[in-house]
Amino acid sequence: QQKVQQSPESLTVSEGAMASLNCTFSDGTSDNFRWYRQHSGKGLEMLVSIFSDGEKEEGRFTAHLNRASLHVSLHIREPQPSDSAVYLCAVSMKGNYKYVFGAGTRLKVIA
Amino acid sequence: EAAVTQSPRNKVAVTGGKVTLSCNQTNNHNNMYWYRQDTGHGLRLIHYSYGAGSTEKGDIPDGYKASRPSQENFSLILELATPSQTSVYFCASGVIRDISNERLFFGHGTKLSVL
């Protein structure tokens with residue numbers, strides 16, 4: 001069964017510094033990767049999706065995928081205090097509706 | 001932006017009682033999902049549905065039933081609630097943009113406490 005692990009568990013960065021979050025998965029046939037953000041007490045907001053090796057940029061959010069290394073990362077450029085939230089990695093296979101989520105990284109951005 | 005509405009937002013139940021969590025989406029999405037979120041586990045899939053009348057077991061279906069009476073509504077039912085089912089429950093609906101992609105829209109969650 002797919003295992004998705006995120007690191008670090010929590011991260012504090014200064015406003016304007018790059019924030020980097022990591023996600024590893026166990027099933028090398030996975031090809032559908034999402035990063036979600038969850039503000040406290042709220043639902044999940046999708047930030048970026050990526051399906052092939054390389055990078056995908058959506059505004060200040062960039063996902064990097066290396067399937068050979070079973071690794072997908074999220075980089076947040078110029079983070080702001082409003083980006084403080086829990087970030088979740090979700091992995092599935094195309095055509096398979098069952099996403100497996102990581103436990104999340106809690107990001108705090110300080111002014 | 002697609003809207004997914006969950007009710008109630010908070011619920012306190014007693015052990016052995018019946019609990020029904022409701023989810024409504026008004027965007028004509030075929031797929032709907034129920035997840036629970038617990039510290040250290042992320043979101044885990046309980047049940048999902050491909051359309052009205054269909055329900056499928058997710059990864060942790062034991063102790064839960066689901067009902068999809070219409071395209072818009074998807075309920076999660078705990079017939080005999082237990083304290084281990086204390087959690088935050090999220091409903092999501094999905095729209096397929098192409099054959100390789102599906103976007104999920106999440107509700108705000110229901111916090112359930114079973115005493």
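Each of B:Ser70 and A:Glu55 was given a label point 7 Å from its Cα along the Cα-to-Cβ line. The distance between the two points is 4.7 nm. Per-residue Cβ neighbour counts within 10 Å put A:Met18, B:Met32, A:Met46 in the sequence A:Met18, A:Met46, B:Met32, beginning with the fewest.
Considering all alpha-carbon pairs of region A:1-96, what whole percent are spaced by more than 23 angstrom? That fraction is 21 percent. Looking at region A:19-89, the trypsin sites (Lys or Arg not before Pro) that sit in a DSSP loop and have at most 16 other Cβ atoms within 10 Å of their own Cβ are A:Lys42, A:Arg60, A:Arg77.
For region A:27-62, GluC sites (Glu not before Pro) meeting the loop criterion (DSSP other than H, G, I, E, B) and having at most 15 other Cβ atoms within 10 Å: none. Each other residue within a Cβ distance under 13 Å of A:Asp83 adds +1 if Lys or Arg and -1 if Asp or Glu, for a net charge of +2. Run down the lysines and flag those whose C-alpha is under 23 Å from the C-alpha of A:Lys42, throwing out any fewer than 8 positions away in its chain. Cross-link targets: A:Lys98, A:Lys108, B:Lys11, B:Lys111. For chain B, pairs of C-alpha atoms spaced more than 18 angstrom apart make up 46 percent of the total.
FRET efficiency for the pair A:Ser7 and B:Ser113, taken as 1/(1 + (r/R0)^6) with r the Cβ-Cβ distance and R0 = 30 Å, rounds to 0.50. FRET efficiency for the pair A:Met46 and B:Thr15, taken as 1/(1 + (r/R0)^6) with r the Cβ-Cβ distance and R0 = 35 Å, rounds to 0.45. The three principal axes of the C-alpha atoms in region A:47-111 carry coordinate ranges of 41, 23, 19 Å, sorted with the longest axis first. In the elastic network of chain A, a GNM with C-alpha springs shorter than 10 Å, the most mobile of A:Tyr99, A:Tyr87, A:Tyr36 is A:Tyr99. Remark on the protein assembly as shown: hydrodynamic radius 18.0 angstrom, per the Kirkwood mean of 1/r across alpha carbon pairs. Counting other Cβ atoms within 10 Å as a rough exposure proxy, the listed residues B:Phe90, B:Phe105 run B:Phe105, B:Phe90 from fewest neighbours to most. Listed values for region B:54-59 are Karplus-derived 3J(HN,Hα) couplings in whole Hz (6.51 cos²θ - 1.76 cosθ + 1.60, θ = phi - 60°), namely 9, 9, 10, 6, x, 7, and x replaces Gly and Pro. Under 18 Å of direct C-alpha separation, and excluding same-chain neighbours fewer than eight residues apart, A:Lys56 reaches these lysines: A:Lys94.
Throughout, read-outs are computed from the coordinates displayed, never taken from laboratory work. All figures in this text were calculated on a predicted structure; none of them were measured in a lab. Please note: Cβ atoms are built from the backbone with ideal geometry, for glycine as well, and neighbour counts cover all protein chains shown.
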